[in-house]
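The structure appears right after this line, and notes come after that.
The values are calculated or read from the model by the stated rules, or taken from the named source; none is laboratory data. Quantities reported herein were computed from a predicted structural model and do not represent experimental measurements. As a convention, Cβ positions derive from the backbone with ideal geometry for all residues, glycine included, and neighbour counts pool all protein chains shown. Just the protein is used for accessible areas: all its heavy atoms, side chains included, with ligands, DNA and RNA removed. Shrake-Rupley method; radii C 1.70, N 1.55, O 1.52, S 1.80 Å.
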Amino acid sequence: MELYLIRHGIAEDKGLGIKDEERSLTKEGRQKTEKVAQKLVKLGLNFDLILTSPFVRARQTADILIGEKLSFQLEESSHLAHDGQISSWLKDWLEPRNYSQNTQLALVGHEPDLTSWAEILISGEVKGSLVLKKAGMIGIKLPETGSPLGRSQMFWLTPPKYLL
């Protein structure tokens, strides 16, 4: 199984009197995210499912991916909101669904959670060594059997500037 961890696009600044979960993508954030999504289509990516944080900016990013036909299925998961734990997501969401090994899932969320999840999947611990820019993506291949924690392989780390 391949997981594509996608950070939401550029959003409104914190502290404008808007609740964090209600912050929207900016015009620039929408435009850049659309260009990234179009490039992903040209690269031949297609997700079986896009799972998104319920926060507005993440949902808007996921909607852009859906709009470019990178997937036809979209679901929200509270596990992808800030401070979501990968162990809970694996136990509560991924394991019960028993996906096939050729499944490609896109997870749209936030920092530092996505890089923490990636590091836990790859090395089993958070090291703070990965950087994921807004509208950037990390691709991780999960092992065929057993726990993916500390046993997964990163195959893609792309900042958006290389996709624009």
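For residue 151 paired with residue 100, estimate the spin-label separation in nm (one decimal), with each label point 7 Å from Cα along the Cα-to-Cβ line.
Here the modelled spin labels are 2.2 nm apart.
GNM, the chain, Cα, under 10 Å: largest mean-square fluctuation among 131, 36, 108?
Checking each option, the largest mean-square fluctuation is seen for 131.
Work out the length of the dipole vector of the stretch 16-58 about its Cα centre, built from +1 on the beta-carbon of each Lys and Arg and -1 on the beta-carbon of each Asp and Glu, and round it to the nearest 20 debye.
Dipole about the Cα centre, nearest 20: 280 debye.
Heavy atoms only, probe 1.4 Å: what % of the accessible area of the chain goes to carbon and sulfur, would you let me know?
C and S atoms contribute 47 percent here.
In square nanometres, what is one fourth of the surface area of the convex hull spanned by the alpha carbons of the chain?
Here the figure is 8.9 nm², rounded to one decimal.
With only Lys, Arg, Asp and Glu charged, each at its Cβ (+1 for the first two, -1 for the last two), find how big the charge dipole of the stretch 1-146 is about the Cα centre; round to the nearest 20 debye.
600
Find the accessible area per residue for the chain; the probe is 1.4 Å, ligands and nucleic acids are left out, and the unit is Å².
The answer is 51 Å² per residue.
Please report, in debye to the nearest 20, how large the charge dipole of the stretch 78-131 is about its Cα centre when each Lys and Arg carries +1 at its beta carbon and each Asp and Glu carries -1 there.
About 160 debye.
Of 88, 78, 53, which is the most mobile in a GNM of the chain whose springs link Cα atoms less than 10 angstrom apart?
With Cα springs under 10 Å in the chain, the top fluctuation among 88, 78, 53 is at 88.
Which residue, 59, 30, 151, tops the fluctuation ranking in a GNM of the chain built on C-alpha contacts under 10 Å?
151
Take each of the peptides 157-164, 92-99, average the number of other beta-carbon atoms within 10 Å over its residues, and list them starting from the highest.
Result, highest mean first: 157-164, 92-99.
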